[in-house]
Each structure stands twice: as structure tokens, then as C-alpha cells.
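A.B. asks: Please see the structure below; I have some questions.
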Amino acid sequence: MPAPAALEGLRVLDFSHALAGPYCTLLLSDYGAEIFKLESRSGDMGRTWGPPFAGGESSFFLGLNRGKRGISIDLKKPEGIELCLRLIDTMDVLIENFRPGAMDRLGLGYLEVHKRNPRLVYCSISGYGQNGPSRDEAAMDLVVQGSSGLLSITGTEAGESVRCGYGVTDVTAGLFAVIGILLALRARERTGLGQFVDVSMLDSMISTMSSNYMSYLGSGIVPQPMGTGFPTVVPYRVFHTSDRGIAIAVGSERLWSAFCQAIERPELEKHPDFETNALRIQNRVGLERMIEDTMRQRTVAEWIERLQGAGIPASPVRNFQEVAEHPQSEVRELFPVVEHPTAGRHRATGTPVKLSATPGRPCAPAPLLGQHTACVLTELLGLDDSAIRDLVIRGVLFDPEYTPESVA
């Protein structure tokens, strides 16, 4: 019998959509929390994001919402709001990522529900937070990459801005939401009370760019895009070999010495222009040109053998197919197979944190829209079949097993 998961017994009512909130609850689900994903009849906007689709389901949605129980309630109807309030009474955590004020207008804001359930941890994810002049600005990943300063340092050496290749501001906010929820739950163990967790994409990005911002705050110099380079370490970038790119990071003087020997350029080690990291930064352009010329003389496989053999951090620039098929990914169970009722068997991403005693695991697939509405309301609120049928007929609820035509 498998060991219990770390968050077993934790109930989370999930009003979130798209990426930031669903990523947060994906992680909570993988580590044992019971996630009740609440959607309107039109569903999470992520259900439409594609292609690719599998069995009519968005691959984007399938990957972010596995292991959750799907409920569909119309929040425009007073009966729908009342059902949500009753569900909240049974929960440990509520998470939402609407614009600030939206939940208040529905009667589901923190102050309202805290009166009903003082132990509830209430997490709101937004673009810019619950206060300040940017509070009501619309935000999505690309926009916050721009407003946080990330786009200004991510790009080509010619100065062209390049979007980070994944939804970094959404995912980072989702990670901080997990941290915030766990912090609030830890505090609840002492106080018996929940609290409001305010997570913004902007705050999250500035925190994760601490080293970049500290360089600016310490020097007053506004950083510029550097391609794959790094402002405070040289060599640290992607170089071209005879057949493909290789990422190399030489982060200490010991590694610099080993690197010079490995590439058969011992004269560079004590060269007056390159002897220290500070000098290598000062003379970056000329040094990187020499290293690039050297790298082009062998294949990436040859350089990997030499560099890794010398203890120098180095890797081919792998594409997604190569990562998914790599033996390390298999050993770490990074792409497990999940069985979905309409999409069938498909691979998903695995759990990032390995716990020895209470491991996480991707268990159930993503829910169909409203798939668990009836069973959850019966289980948690005691609604009988007659009440559910009536609510379905009146459009308050949706469950694919209880269509208005079948229950009329």
C-alpha cells in the first residue's frame, strides 16, 4: 500500500483558471491535497488553449489539472453563490486568480467568507496585487514579463527583447502561492485561524530576479540583454561546437583552471586579461570569441566528454524531445503516463520534489467539465438526487451525467 501523501486530508476549493492558479493547485494535488476545481458552464479558458487537443481536450488543460475533481456551478445565480459558500464552509484553502475585487462583487471575498470559516486560508493571485496604482490593470504573462523588467534583460546581444520561452511569471506566481498557502497553514497550526494570502505576478518576478536587481541597486547601471551570457560570471553562456550548441558555466577560479586545461588552451589561465573573473568580465568579448573558435573545432559529444570529465558544468542545448527521452528523465519519473476518459493515455510532467516518506504522485487525470459536480455536492453538502436534478434543470449546476434533457 502506498505511503500517505504529505498534504493528505487538505481540502482546496479552486476558483482559478488559465495557468498561475492551476499550476499552484496541480502541485498541491500531486502531494495529496483534494482539489475541487470550480468552473462556470463555459469552463476554464485553458480548456480552449490549443492545439494540440486529445479526445477534444486541450493538452494544456490536461497537464495542469490532473488529479482535481471538477465542479461546474453558475456564479451568476444566487443559488450558485449559496452553494459555493456552503462548500467554503468545508474547506481548508480557497484559491482564485480573478482581477482584484471580482470575488468581493460575487459575495465571495475574503472578509465575507472569513466570517463563515475563520480557519480558511484564502489565496488570491493577481497581476499586480490587491493594492497600489496598478491593482486594476489587466495582466498576462507577456505583459508582466515586460512590466517586471524581465524582458529588458532577456534578449539578443543586439538589444532585441525576447519573451522567456514559458509562462515564467504565471508559474513563478503559482510557486509563491504554494509557499504562501503552506506558510499560512503552518501559522494556523499555532493560531487556529486562516489568513489572506496576496500573491502577485509582479512581486514574484522581482523576488526571483533578486540577484539581477541587487546588481542594479549596487551599481546604478541598468542591465541590458546579453543573449545567453551572464553579467557576473565569464565564461557562462552557449557556445557553438562543430554540430550544435553547448551551454558552459565556469563559476570559479578552480573551474577556470580546469576549463583551460580541458580545452587545451593553458595559456589563457594566467593571461593578464583573463586571470580573474573580474578581468574576464572586463575583457568578455575577446575571450568569448577565442573560446567560440576553440569550441567549433570539435563536436558537442567530444566537448561534453572532456568538460564533464573535468568537472565543468556543461550540457548540449537539448530540445524537448531529447529531454523527454533522456534516461535521467525516466529515472526521475518526470514524464509519467496518465489515463483520461476521452483523451486516453497521455504523458504529463511529473512531481518536482521527491519526498522520502510522503511522496507526491500524479494520480487521477484532469476532470471533464463538471465531471464530479453531483458526487461532490452529495458528499460534502448532503444534496440528494432530487435536489441535484432540480439545480441542473434550472441551470445552476452542470454535470455531464445530469443533462437537463435526461433529468427533465
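A.B. asks: Could you tell me which residue of segment 93-103 is most open to solvent (accessible area, probe 1.4 Å), considering only residues that are in a loop (DSSP other than H, G, I, E, B) and in contact (Cβ under 8 Å) with a residue 60 or more places away in the chain? Lay out the reasoning, then the answer.
C.D. replies: Narrowing segment 93-103 to residues in a loop (DSSP other than H, G, I, E, B): 97-101.
Among the residues that remain, those that are also in contact (Cβ under 8 Å) with a residue 60 or more places away in the chain are: 97-98.
Numbers: N97: 27, F98: 60 Å².
Applying the filter and picking the extreme gives F98.
A.B. asks: Give segment 352-368 a look and list any residue that's of a type in the set (A, V, I, L, M, F, W, C) and open to solvent by 30 Å² or more (accessible area, probe 1.4 Å), or say none.
C.D. replies: Hits for segment 352-368 are V353, L355, A357, C363, A364, L368.
A.B. asks: Residues in segment 375-391: is at least one in contact with a strand residue (DSSP E or B) (Cβ under 9 Å, 6 or more places away or on another chain) and of a type in the set (G, A, S)?
C.D. replies: no
A.B. asks: Moving on to the next point. Please identify the pairs in which a residue from segment 36-59 that is assigned to a strand (DSSP E or B) has its Cβ atom under 8 Å from the Cβ atom of a residue that is of a type in the set (D, E) and crowded, with 21+ Cβ neighbours inside 10 Å, counting only partners at least 6 apart or on another chain.
C.D. replies: Listed by first residue and then by second, the contacts come to F36/D14; K37/D14; K37/D44; L38/D14.
A.B. asks: Another question about this same structure. So, in segment 141-170, of the ones that are buried (at least 19 other Cβ atoms within 10 Å of the Cβ) and of a type in the set (A, V, I, L, M, F, W, C), which residue ends up nearest to the chain's Cα centre (by Cα)?
C.D. replies: Selected residue: V168.
A.B. asks: Given the condition under 19 Å from R244 (Cα atoms), open to solvent by 20 Å² or more (accessible area, probe 1.4 Å), under 36 Å from the mean Cα position of the chain (by Cα) and not basic (K, R), answer yes or no: does some residue in segment 269-288 qualify? Spell out how you get there, then give the answer.
C.D. replies: Applying the first criterion (under 19 Å from R244 (Cα atoms)) to segment 269-288 yields 288.
Going one step further and asking which of them are open to solvent by 20 Å² or more (accessible area, probe 1.4 Å), we end up with none.
No, because not a single residue in segment 269-288 is under 19 Å from R244 (Cα atoms), open to solvent by 20 Å² or more (accessible area, probe 1.4 Å), under 36 Å from the mean Cα position of the chain (by Cα) and not basic (K, R).
A.B. asks: Just the residues that are part of a loop (DSSP other than H, G, I, E, B) and under 22 Å from A310 (Cα atoms), please, taken from segment 264-291.
C.D. replies: Of everything in segment 264-291, those that are part of a loop (DSSP other than H, G, I, E, B) and under 22 Å from A310 (Cα atoms) turn out to be E264, R265, E269, K270, H271, F274, E275, T276.
A.B. asks: With the checklist (1) within 25 Å of the chain's Cα centre (by Cα); (2) at pLDDT 95 or above; (3) open to solvent by less than 30 Å² (accessible area, probe 1.4 Å); (4) farther than 20 Å from R41 by Cα in hand, flag the one item V317 doesn't pass.
C.D. replies: Result: V317 passes all but (3).
A.B. asks: I would also like to ask the following. Restricted to segment 111-127, and to residues that are surrounded by fewer than 21 Cβ atoms within 10 Å (Cβ to Cβ) and in contact (Cβ under 8 Å) with a residue 40 or more places away in the chain, which residue is farthest from S215 (Cα to Cα)? Can you show your working first?
C.D. replies: First pass over segment 111-127, keeping only residues surrounded by fewer than 21 Cβ atoms within 10 Å (Cβ to Cβ): 111-112, 114-119.
Checking which are in contact (Cβ under 8 Å) with a residue 40 or more places away in the chain leaves us with 114, 117-119.
Details: H114: 42, N117: 44, P118: 43, R119: 41 Å.
That would be N117.
A.B. asks: Answer with yes or no whether T90 is surrounded by fewer than 19 Cβ atoms within 10 Å (Cβ to Cβ), more than 20 Å from the chain's Cα centre (by Cα) and polar (S, T, N, Q).
C.D. replies: Details: surrounded by fewer than 19 Cβ atoms within 10 Å (Cβ to Cβ): yes; more than 20 Å from the chain's Cα centre (by Cα): yes; polar (S, T, N, Q): yes.
In short, yes.
A.B. asks: Tell me which residues, restricted to segment 16-34, are hydroxyl-bearing (S, T, Y), open to solvent by less than 10 Å² (accessible area, probe 1.4 Å) and not in a helix (DSSP H, G or I). First the steps, then the outcome.
C.D. replies: Applying the first criterion (hydroxyl-bearing (S, T, Y)) to segment 16-34 yields 16, 23, 25, 29, 31.
Adding the requirement that they be open to solvent by less than 10 Å² (accessible area, probe 1.4 Å) leaves 16, 25, 29.
Once the filter is applied, which keeps residues that are hydroxyl-bearing (S, T, Y), open to solvent by less than 10 Å² (accessible area, probe 1.4 Å) and not in a helix (DSSP H, G or I), segment 16-34 yields only S16.
A.B. asks: Filtering segment 238-260 down to residues that are assigned to a helix (DSSP H, G or I) and in contact with an Asp or Glu (Cβ under 8 Å, 6 or more places away or on another chain), which residue is nearest to E292 (Cα to Cα)? Even if it seems obvious, please write down each step before you answer.
C.D. replies: As a first pass, look at segment 238-260 and keep what is assigned to a helix (DSSP H, G or I): 253-260.
Now narrow it down to the ones that are in contact with an Asp or Glu (Cβ under 8 Å, 6 or more places away or on another chain): 256-257, 260.
On the way: W256: 16, S257: 18, C260: 13 Å.
It comes out as C260.
A.B. asks: Restricting attention to segment 192-237, report how many residues are touching a residue at least 40 places away in the same chain (Cβ under 8 Å), assigned to a loop (DSSP other than H, G, I, E, B) and touching a Lys or Arg at 6+ places or on another chain (Cβ under 9 Å).
C.D. replies: Number of matching residues: 9.
A.B. asks: Now for a separate question. Give, as residue ranges, the helices (runs of 4 or more DSSP H) completely inside segment 298-370 that count at least 1 residues that are under 30 Å from V178 (Cα atoms). Show your work before the answer.
C.D. replies: On the way: elements: 300-309, 320-324, 327-331.
Per the criteria, 320-324, 327-331.
A.B. asks: Filter segment 323-351 down to the residues that are out of contact with any strand residue (DSSP E or B) (no Cβ under 8 Å at 6 or more places or on another chain) and open to solvent by less than 80 Å² (accessible area, probe 1.4 Å) and list them by number. If you could, list the steps in order and put the result at the bottom.
C.D. replies: From segment 323-351, those out of contact with any strand residue (DSSP E or B) (no Cβ under 8 Å at 6 or more places or on another chain) are 323, 325-334, 341, 349-351; that's our starting set.
Once the filter is applied, which keeps residues that are out of contact with any strand residue (DSSP E or B) (no Cβ under 8 Å at 6 or more places or on another chain) and open to solvent by less than 80 Å² (accessible area, probe 1.4 Å), segment 323-351 yields V323, H326, S329, L334, T349, G350, T351.
A.B. asks: How do the pairs read when you match residues in segment 316-342 that are at positive phi with residues anywhere that are not aromatic (F, W, Y), using Cβ under 7 Å and keeping only pairs 6 or more apart or on different chains?
C.D. replies: E333/G350
A.B. asks: Just one of the numbered conditions (1) open to solvent by 70 Å² or more (accessible area, probe 1.4 Å); (2) at positive phi is not true of G395; which one?
C.D. replies: Looking at each condition in turn, G395 falls short on (1).
A.B. asks: May I pose another question? Which residue out of G63, G70 is modelled with pLDDT of 95 or more and in a helix (DSSP H, G or I)?
C.D. replies: Numbers: G70 fails: in a helix (DSSP H, G or I).
G63 is the lone residue from the list that is modelled with pLDDT of 95 or more and in a helix (DSSP H, G or I).
The values are calculated or read from the model by the stated rules, or taken from the named source; none is laboratory data. Computed from a predicted model, the values in this text were never measured in an experiment. Neighbour counts are summed over all protein chains in view; Cβ atoms, including those assigned to glycine, are modelled from backbone coordinates with ideal geometry. These area figures cover heavy atoms from the full protein model, side chains too; ligands, DNA and RNA do not enter into them. Shrake-Rupley method; radii C 1.70, N 1.55, O 1.52, S 1.80 Å.
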